[in-house]
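Remarks on the structure that follows.
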Amino acid sequence: MNETSTTPTGAPDIAAPQERRRLTFDLDVDICVVGAGLAGLTVALECARLGASVAVLEGRHVGWGASGHQLGTVMPGFSLPVGDLIERVGFESTRALWALSKEGAEYVRANATEELMPGIGFSEGVLEVSNVDAGDRLISRLQMLSEDIDTEVEGWQVDRVREQLKTDRYFHGVYYPKAFQIDGRKYLFGLATMARRAGARIFEDTPVVSVDSSGVRKRIVTPSARLRAGHIVLAGNVHLGATARRLSATLLPVWRYAGVTAPLGERLADVIAFKGSVVDSDGIDHFRIVGGDRLMWVSPETTWAARPQRFAGAIQRRIRTIFPKLDAVEIAQMWGGAVGQTVHGMPQIGELRKGLWVASGFGWQGLNTSAIAGLLIARSILWGDERWRLFSPFELVWAGGPTGRVAGYAVGLWRRGRSAAAGALARHRERVRIQDRLREARIAEANRQAGERSSPRRSRSAVVRSGQPRPAEPQRSEVEGR
């Protein structure tokens, strides 16, 4: 799989650790983390900061999976809509979960500073746009987010959205001023560096062969060594495989591919004035400007792996559809990765059994959820923080295996088709409204001009009639006689 950095060519980069250290000796630690992605590295960093001995086992290398292929957008919330979340767990639990998501976002913000991670490419603002004209629903959602969930948001009318994005494809928008974006790979490697400095040991090229979670001291077997730990955290997402097959079976593997265009110069600024991330309400479009004049764009999701370059044409066509003024663009870089999506749409965070933890199923929910997973698990192990139980209603549900992947692919196609149809209908209705207003304006103008022309003629006629008496009408009998 292509592992091109999200950092455009020529920009400063934080290199991945040059020397990969394998576990070649038996080891005894307080906490063993399986998987060196965003969640696993956050667990390792926080546990090491709190004084625990930590070992991270990674089958390939840091950031090999989905964590090394994300766009770096950080915003509050989850992929499950807030209304559905309230129906599932109630209002108070939803408020508490949403507060955790904001805490996770602020944790990322605190780490992603120029002092800790130089060249992180920090910029603020995320705009969620609608593919249909949904003004009434927008007002309702804004009230819920700002008043009930206590989130800072702004509602953007159609004119303001199109002032920032020169396209008729988008209507209203919800702007998150406190959301932000960073270079995702720089943040990932920065986390690894910080975890090492705090005392965590990261072993790459060290796949886990088996896990025995029974007893007080858990046992992990690798190809070259054995490890014992008081707690094991499974943070390997869909790549856990045989190590935790039942857990892996609860995740639907979903691939998404992203591309970065060649430099577009001034023509990019002519069509996109917004400097933050843009996501659409249907989960189809996700893009932002990087490197000043390049466009980073994500393709629709699929449940099957493929070469990232195969999706370059689809991204080119989508860009041209949304922004026709850009015409044809060259895709300079492509990459992709698999994430695990749960059936219920929420992440898997918590204790499976005594001393065995899971941090997985983040799907496309953003960096905030992987951050809060790491914080909650570390603080529960070492401080007794029980807030991870807020995720207990979202149990491990079998994702359907190969049949589930086929169904997931079909659902994705259906959603994209539904979105396209709804968007086309909304644009048609908008054109009809515009034509009706223009027709009414023309009729009103024609009536006005006709009134101005006919007014003098009526006056002259009145004068003529006043000087010449009108002939008397014939009597009824005369008319009948004729």
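The values are calculated or read from the model by the stated rules, or taken from the named source; none is laboratory data. Bear in mind that the values here come from a model prediction, so they are computed numbers and not experimental data. Methodologically, a virtual Cβ is constructed for each residue, glycine included, from the backbone with ideal geometry; neighbour enumeration extends over all protein chains shown. For accessibility, only protein heavy atoms count, side chains too; no ligands or nucleic acids. Shrake-Rupley method; radii C 1.70, N 1.55, O 1.52, S 1.80 Å.
Contact map, segment 194-208: residues that are at pLDDT 95 or above paired with residues that are assigned to a strand (DSSP E or B) and of a type in the set (Gly, Ala, Ser), Cβ distance under 6 Å, separation 6+ or inter-chain. Pairs shown: Arg201/Ala55. Among the residues of segment 67-107, those that are part of a helix (DSSP H, G or I) and open to solvent by less than 20 Å² (accessible area, probe 1.4 Å) comprise Gly68, His69, Val82, Leu85, Thr94, Leu97, Trp98, Leu100, Ser101, Gly104, Ala105. For segment 248-269, state whether one or more residues are open to solvent by 10 Å² or more (accessible area, probe 1.4 Å), farther than 27 Å from Leu138 by Cα, of a type in the set (Lys, Arg) and within 17 Å of the chain's Cα centre (by Cα). The answer is yes, given that some residue of segment 248-269 is open to solvent by 10 Å² or more (accessible area, probe 1.4 Å), farther than 27 Å from Leu138 by Cα, of a type in the set (Lys, Arg) and within 17 Å of the chain's Cα centre (by Cα). Consider Glu163 carefully, then state whether it is at pLDDT 95 or above and among the acidic types (Asp, Glu). Yes; evaluated as a whole, the condition is true for this residue. Does segment 163-172 include one or more residues that are in contact with a helix residue (DSSP H, G or I) (Cβ under 7 Å, 6 or more places away or on another chain) and farther than 26 Å from Ile319 by Cα? No; the residues of segment 163-172 include none that is in contact with a helix residue (DSSP H, G or I) (Cβ under 7 Å, 6 or more places away or on another chain) and farther than 26 Å from Ile319 by Cα. Pairs linking a residue in segment 166-187 that is surrounded by 23 or more Cβ atoms within 10 Å (Cβ to Cβ) to a residue that is of a type in the set (D, E, K, R) and assigned to a loop (DSSP other than H, G, I, E, B), with Cβ atoms under 8 Å and 6 or more positions apart or on different chains, are Phe171/Asp133; His172/Asp133; Tyr176/Glu152; Arg185/Asp13; Lys186/Asp13.
The numbered conditions (1) open to solvent by 20 Å² or more (accessible area, probe 1.4 Å); (2) part of a helix (DSSP H, G or I) are all true for Gly40 except (1).
Can you spot a residue in segment 418-428 that is surrounded by fewer than 17 Cβ atoms within 10 Å (Cβ to Cβ), under 30 Å from Glu46 (Cβ atoms) and among the charged types (D, E, K, R)? Break it down stepwise before answering.
Restricting attention to segment 418-428, the residues satisfying the condition of being surrounded by fewer than 17 Cβ atoms within 10 Å (Cβ to Cβ) are 418, 420-422, 424-425, 427-428.
This time we only want the ones that are under 30 Å from Glu46 (Cβ atoms), so: none.
No; the residues of segment 418-428 include none that is surrounded by fewer than 17 Cβ atoms within 10 Å (Cβ to Cβ), under 30 Å from Glu46 (Cβ atoms) and among the charged types (D, E, K, R).
Selection of segment 108-140 for residues being in a helix (DSSP H, G or I), surrounded by fewer than 21 Cβ atoms within 10 Å (Cβ to Cβ) and either of a type outside the set (Ser, Thr, Tyr) or in contact (Cβ under 8 Å) with a residue 24 or more places away in the chain (or both) yields Arg109, Ala110, Asn111, Gly135, Asp136, Arg137, Leu138, Ile139. Taken over segment 169-210, residues that are under 16 Å from Ser277 (Cβ atoms) and among the hydroxyl-bearing types (Ser, Thr, Tyr) amount to 4. Scanning segment 270-286 for residues that are of a type outside the set (A, V, I, L, M, F, W, C), open to solvent by 20 Å² or more (accessible area, probe 1.4 Å) and under 24 Å from Pro81 (Cβ atoms) yields Ser281, Asp282, Gly283, His286. If you check Ala314, Ala332, Ala371 for being open to solvent by 10 Å² or more (accessible area, probe 1.4 Å), assigned to a helix (DSSP H, G or I) and among the aliphatic types (A, V, I, L, M), only one passes: Ala314. Would you mind stating whether Arg219 is out of contact with any helix residue (DSSP H, G or I) (no Cβ under 8 Å at 6 or more places or on another chain), part of a helix (DSSP H, G or I), open to solvent by 20 Å² or more (accessible area, probe 1.4 Å) and without any contact (Cβ under 8 Å) to a residue 12 or more places away in the chain? No: the conditions fail for Arg219. Return yes or no: is Ile289 open to solvent by 10 Å² or more (accessible area, probe 1.4 Å), modelled with pLDDT of 90 or more, farther than 21 Å from Ser79 by Cβ and under 20 Å from the mean Cα position of the chain (by Cα)? Considered against the rule, which asks whether it is open to solvent by 10 Å² or more (accessible area, probe 1.4 Å), modelled with pLDDT of 90 or more, farther than 21 Å from Ser79 by Cβ and under 20 Å from the mean Cα position of the chain (by Cα), Ile289 comes out as yes. Considering only residues that are more than 16 Å from Arg267 (Cα to Cα), of a type in the set (A, V, I, L, M, F, W, C) and touching a strand residue (DSSP E or B) at 6+ places or on another chain (Cβ under 9 Å), which ones fall in segment 323-350? Within segment 323-350, Ala332, Met334, Trp335, Ala338, Val339, Val343, Ile349 qualify.
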